[in-house]
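Reading through the structure tokens given below for one structure.
None of the figures in this text is laboratory data; all of them are computed from the coordinates on show. Predicted model, so just to flag it, every value in this text is computed and none were measured. Note that each Cβ is placed from the backbone with ideal geometry, even for glycine, and that neighbours are counted across all protein chains shown.
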Amino acid sequence: MHLDRLIREEMAAKGKDGIMFLCIGTDRSTGDSLGPLVGHMLRSRRLKGAAVIGTLDKPVHAMNLDLYARYIRLHYPDYVVVAIDASVGSLDHVGYATLGRGALQPGLGVSKELQAVGDIAITGIVGGVGSRDPVMLQSVRLSMVMKMADCICESIFLVERLWENAAII
């Protein structure tokens, strides 16, 4: 599991002992709802062993990202932050998810300059990079965003099962 390895390496390298999933986006735009959907699913299925910020009820978006970033630095300084957000990419990659080490830069796909957040980034590619128009995000199919959210959540729950099994041994 690549996600599990990235989390373990970040925890060891930075001396951190907790994990947080920071789910970024808004439920007001179908294409940008990936993060809040993932947060909602993680919370509703009771993810154990990790904190979750950013849900459909309390989304983390452009208007409050700075506030939440300060909150996390203050209250969760010893946590590895896995940032999850929708993104744009090449048209042939729409529907794919990416995973990588390093901070996520929310808003780049729609020409917004927001602060980078997280230690690990998971993105779901919801549209083509050719259109930096925020209206494009309105026309993204909800079914595709839901499928990506399901896939990302299932991956996280597989990692959670690895943690539980490791604790038993």
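Scanning segment 102-129 for residues that are farther than 20 Å from residue 36 by Cβ and out of contact with any strand residue (DSSP E or B) (no Cβ under 6 Å at 6 or more places or on another chain) yields 102, 111, 113, 128. Residues that are without any contact (Cβ under 8 Å) to a residue 40 or more places away in the chain and charged (D, E, K, R) within segment 71-106 comprise 73, 92, listed in sequence order.
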